[in-house]
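Some notes on the structure that comes next.
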Amino acid sequence: MTRPTTRPLRADALRNYERLIAAARAAFTELGADAPLDDIAQRAGVGNATLYRHFPTRQTLLEAVYRDHIAALCHLGEGLLTAPSPGEGLVEWLRAVVAQGSTDRGVAASLMTAMGVTETDVSWCRSAVFATATALLERAQSAGDIRADVTVRQLLKFVNAIALATEGEPGKCEQADQLLSLLLDGLRA
């Protein structure tokens, strides 16, 4: 995990950052995106001030923990922009988003939270996911594979809601896939 910054951190600050990321990942996996931040600081062996110095908000911590996952989803989406079938490219990406979100408890919550961020405070996560989803959706709509009246915001709300609804369920991957198939039936032109 690399820390996005313009200034290199001292060795002790970098260790604290990495311990906070590891502790947050474990806490989010165990307790979900609402894991108490005080507990995360305690798990990392640092004080609350250190946590807030590195991560001023829960959203910034969630994004740091799942940055690599979000980047991988966006990279997959970029590759699917050249898929022979624009609609199937979009479907493959949506399946990956739902699978990632239902497996990693914090990802879906992070994406849902990022969608509510106002335009004056757009997060990296929101920008990257929206750009990827927009490109895939517009390509599929232009090809006539997906209904023209579907917006990217609606699409992302649907897939993240599916991931959130299934993340704690037994057979979550199968349930998420079934729900996504139902959604896709309604999205097709």
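Mind listing the Cα extents of the stretch 50-107 along all three principal axes, in Å, largest one first?
Principal extents (Cα only, largest first): 49, 20, 12 Å.
Specify the residue with the greatest mean-square fluctuation among Thr29, Thr132, Thr166, computed from a Gaussian network of the chain linking alpha-carbon atoms under 10 Å apart.
Top of the fluctuation ranking is Thr29.
For the stretch 1-76, what is one quarter of the convex hull surface built on the Cα atoms, given in nm²? It would help to have the intermediate numbers written out before the result.
Working: hull surface 20.8 nm².
If I average the Cα hull's projected area over directions, I get 5.2 nm².
Where q = 0.12, 0.14 Å⁻¹, what log10 of I(q)/I(0) comes from the Debye formula for the chain, counting one point per Cα?
With one equal scatterer per Cα and no solvent, log10 I(q)/I(0) is -0.61, -0.79.
Specify the angular offset, from 0 to 90 degrees and rounded to the nearest 10, of the alpha carbon long axis of helix 124-142 from the longest principal axis of the alpha carbons in the chain.
On a 0 to 90 degree scale, this one is about 10.
Given the DSSP H assignment, sum -39500 (n - 2.57) over each helix run of at least 4 residues in the chain and divide by its residue total; what's the result at 222 nm in deg cm²/dmol, nearest 500?
One gets -24000 deg cm²/dmol as the mean residue ellipticity at 222 nm.
Would you tally the net charge around Leu76, using a Cβ to Cβ cut-off of less than 12 Å, leaving Leu76 out, and scoring K and R as +1, D and E as -1? Present the calculation step by step, with values, prior to reporting the outcome.
Numbers: positive: Arg95; negative: Glu78, Glu92.
Taking every other residue near Leu76 into account, the sum is -1.
Would you work out the relative contact order for the chain, in percent, from Cα pairs under 8 angstrom that are 6 or more residues apart?
The normalised contact order for the chain reaches 22 percent.
If you build a Gaussian network model of the chain, linking Cα atoms that sit under 10 Å apart, which residue out of Val159, Val98, Val150 swings the most?
Val150
Short version: ³J(HN,Hα) in whole Hz for each residue of the stretch 51-61, in order, from phi by Karplus 6.51 cos²θ - 1.76 cosθ + 1.60 (θ = phi - 60°), x for Gly and Pro, what are they?
Along the stretch 51-61, the couplings run 4, 6, 5, 7, 9, x, 9, 4, 4, 5, 5 Hz.
Can you give me the long-range amide H partners of Ile146? Hydrogens built in the peptide plane at 1.01 Å from N, cutoff under 5 Å, separation of 5 or more residues or another chain.
Gln141, Ala189
Since every read-out is calculated from the coordinates, none of them should be taken as a lab result. All of these numbers come straight from a predicted model, not from anything done at the bench. We place every Cβ from the backbone using ideal geometry, glycine too, and count neighbours over all the protein chains shown.
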